[in-house]
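Have a look at the structure below, then the notes.
The values are calculated or read from the model by the stated rules, or taken from the named source; none is laboratory data. As the structure is a computational prediction, the values presented were derived from the model and not from experiment. Here Cβ is always computed from backbone atoms with ideal geometry, including for glycine, and neighbour counts include all displayed protein chains.
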Amino acid sequence: MDLGSMYQEIILDHYKNPHRRGLREPYDGESFQVNPTCGDEVTLRVKLSDGKVADVSYEGQGCSISQASTSVLTDLVVGHSVEEAFATMDAFVELMQGRGQVEPDEDVLEDGVAFAGVAKYPARVKCALLGWMAFKDAVGRTSTNDEVEAS
Amino acid sequence: MTTTAGPLDVTAVRADFPILSRTVRDGKPLVYLDSGATSQRPTQVLDAERRFLETSNAAVHRGAHQLAEEATEAYEGAREKIAAFVGATPGELVFTKNATEGINLVAYAMSNAATAGDEAKRFVVGPGDEIVVTEMEHHANLVPWQQLCQRTGATLKWFGVTDEGRLDLSRLDEVITERTKVVAFVHQSNVLGTVNPVEPLVRRAREVGAFVLLDACQSVPHGLSGQGPVNLGELDVDFAVFSGHKMLGPSGIGVLYGRRELLEAMPPFLTGGSMIELVRMEGSTFAPPPQRFEAGVPMTSQAVGLGAAVDYLNAIGMDRVAAHEHLLAERALAGLKELPGVRIIGPRDTTDRGATVAFVIDGVHPHDASQVLDSLGVAVRVGHHCAWPLHRSCGIPATVRASFYLYNSLSEVDALVDGVREAQRFFGVA
């Protein structure tokens, strides 16, 4: 087995030098996600502004795949509309659940294409998706809050 | 398989396990170090199951035809063998689907006791009563007790774990008190490898009239170094559980041991066919144990397979199995201790410990370490190993766990240590 197919340089770079790590104020929604099979966890916050993702901050403990994936996530969604961010998320989830059969679109996923190799290892797919599940949940919590405030 | 005296012949043993000769991940010989999760099965066990199914398969304890007779004999014959293996009598052994079900059986029988008449009164648990467990329990010996407390209003208490990975029994008399109804603890930790002292806990439980349940999933299959097979009768516990698939047998079968007089008085958990004495529309009475606790058509070929696994282990001798595993543990501890940045989680020497070794590597997450090991053909477990509170108490989210069995060789221990070194190199921490 070629370890390099999973641990692309891009992934190791993000793991060693994660982008936007740390929990920041202010934020509109927060999510705590855990992988019950391995105990990895992430707390992730989202700050929205004018329908766009203004900031994503996070803290957690996990393997290189889950940490790097969350770092890449922040690059892919910050500065984009929630709609665009969710479209990117869908593309990433499709890639990860594709068992190595899905050809990733670099224009959409940028550094995220490096995770194509991870998709061949079912046990690690959850690792790559942990941060994304937290992002989806955190955004959901911001809209709930908006509705509460509006009513 | 060899049955001669002297040390265990690992080459001969391995020849009985076809799966051990396969390769993984592009031709790497399989180094299987995950027997704590599930063990592999020798051809003797596979053949016994197949032979039973090809010649004598029928529903046991029903029907008067010849096959039904043979199947019942095979099923009860397996119970006798397994009972003898753990120092019990056949009537003290209940077959369950796994060890987890065995623990749930006792926990639910206790909450059913409240409405089961005078005979069951001694099992009743309620507000003011206490259940004692330990912080090193597998979730299977923790969650059912949490749930029993929730159903009955009883309180859960627990023993902590020392920095060396031993049970902290310094406050034994304060944790187990007159209020304690059950003391449930693991014989050998599935993470730390620690073998817990049964005697002081049983003695204290007896003083206060509490029941003792022993989780023997990681001890019965391996025996105890210097002692040989685990003898539940001599340990004088009230209940114990172990599972078939961790001791060379099939999955789908576990064993609950219960002292005869307790099983006689204990109300059932699952009810239905097979476990009854007399059924009328208005109500039913129940069969004596063990049948009272085996509702429905039971697993049969699995019992036969587990009987064959016991034959296999007996032929080798549990003292030799334990002695071999002692050597493996010694080598693994020595090898891992030599690596800078590797920290063993659990006892660092072989005193009162089995051949399960958990560790963390500075700068390499356990998941990543296992991926490197897997790429070299070395199969280990990573995560919290169903002992999340234990990991939390150690301040770590996860560990790498290598768990050995009679078929592992010393060179496989070396493959583990080399693989850890390679993981450190790959992630640039050594």
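Numbers for the structure displayed
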{"quantity": "Qualifying positions in segment B:349-404 - assigned to a loop (DSSP other than H, G, I, E, B) and within 11 Å of chain A (Cβ to nearest Cβ)", "calculated": "B:363, B:365, B:376, B:377, B:384, B:385, B:386, B:387, B:395, B:396, B:397, B:398"}
{"quantity": "Within segment B:307-348, tally of residues that are part of a loop (DSSP other than H, G, I, E, B) and among the acidic types (Asp, Glu)", "calculated": "1"}
{"quantity": "Qualifying residue in segment B:220-236 (condition: under 19 Å from residue B:112 (Cα atoms) and in a loop (DSSP other than H, G, I, E, B))", "calculated": "no"}
{"quantity": "Residue ID - farthest from residue B:395 (Cα to Cα), chosen from residues in segment A:26-56 that are in a strand (DSSP E or B) and polar (S, T, N, Q)", "calculated": "A:49"}
{"quantity": "Looking only at segment B:11-28, and only at residues there that are of a type outside the set (D, E, K, R) and exposed (fewer than 15 other Cβ atoms within 10 Å of the Cβ), the one that is farthest from the other protein chains (Cβ to nearest Cβ)", "calculated": "B:12"}
{"quantity": "Residue ranges of helices (runs of 4 or more DSSP H) in segment B:1-93 with at least 2 members over 30 Å from residue B:332 (Cβ atoms)", "calculated": "B:43-55, B:66-85"}
{"quantity": "Qualifying residues in segment A:39-55 (those that are within 14 Å of another protein chain (Cβ to nearest Cβ) and within 15 Å of residue A:22 (Cα to Cα)) - the one surrounded by the most Cβ atoms within 10 Å (Cβ to Cβ)", "calculated": "A:42"}
{"quantity": "Residue B:318 of a type in the set (A, V, I, L, M), within 30 Å of residue B:34 (Cα to Cα) and under 16 Å from the mean Cα position of the chain (by Cα)", "calculated": "yes"}
{"quantity": "Residue in segment B:406-413 that is away from every other protein chain (no Cβ under 11 Å) and over 25 Å from the mean Cα position of the chain (by Cα) present", "calculated": "yes"}
{"quantity": "Selection within segment B:250-264 - of a type in the set (A, V, I, L, M) and surrounded by fewer than 18 Cβ atoms within 10 Å (Cβ to Cβ)", "calculated": "B:262"}
{"quantity": "Members of segment A:56-95 found to be β-branched (Val, Ile, Thr), more than 14 Å from chain B (Cβ to nearest Cβ) and either over 15 Å from residue A:8 (Cβ atoms) or out of contact with any Phe, Trp or Tyr (no Cβ under 9 Å at 6 or more places or on another chain) (or both), listed by number", "calculated": "A:56, A:74, A:77, A:78, A:82, A:88, A:93"}
{"quantity": "Answer residue from segment B:225-234, given it is out of contact with any helix residue (DSSP H, G or I) (no Cβ under 6 Å at 6 or more places or on another chain), under 17 Å from residue B:319 (Cα atoms) and not β-branched (Val, Ile, Thr) and is surrounded by the most Cβ atoms within 10 Å (Cβ to Cβ) among those", "calculated": "B:232"}
{"quantity": "Check on residue B:370, touching a residue at least 12 places away in the same chain (Cβ under 8 Å), among the polar types (S, T, N, Q), surrounded by 19 or more Cβ atoms within 10 Å (Cβ to Cβ) and in contact with a helix residue (DSSP H, G or I) (Cβ under 6 Å, 6 or more places away or on another chain)", "calculated": "no"}
{"quantity": "Residue that is in a helix (DSSP H, G or I), more than 16 Å from residue A:31 (Cα to Cα) and either of a type in the set (Ser, Thr, Tyr) or within 12 Å of another protein chain (Cβ to nearest Cβ) (or both), where the choices are A:118, A:108, A:113", "calculated": "A:118"}
{"quantity": "Residue match in segment B:237-249 (condition: in a loop (DSSP other than H, G, I, E, B), surrounded by fewer than 18 Cβ atoms within 10 Å (Cβ to Cβ), in contact with a helix residue (DSSP H, G or I) (Cβ under 8 Å, 6 or more places away or on another chain) and touching a residue at least 12 places away in the same chain (Cβ under 8 Å))", "calculated": "no"}
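Residue-by-condition table, conditions (1) touching a Gly at 6+ places or on another chain (Cβ under 6 Å); (2) in the same structural domain as residue B:242 (by the TED database); (3) part of a helix (DSSP H, G or I); (4) more than 30 Å from residue B:393 (Cβ to Cβ):
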{"residue": "B:105", "(1), (2), (3), (4)": "no, yes, yes, no"}
{"residue": "B:121", "(1), (2), (3), (4)": "no, yes, yes, yes"}
{"residue": "B:125", "(1), (2), (3), (4)": "no, yes, no, no"}
{"residue": "B:133", "(1), (2), (3), (4)": "no, yes, no, no"}
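Results for (1) β-branched (Val, Ile, Thr); (2) on the phi < 0 side of the Ramachandran plot, shown as yes or no for each residue.
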site	(1), (2)
A:63	no, yes
A:71	no, yes
A:88	yes, yes
A:101	no, yes
A:110	no, no
A:114	no, yes
A:127	no, yes
A:133	no, yes
A:137	no, yes
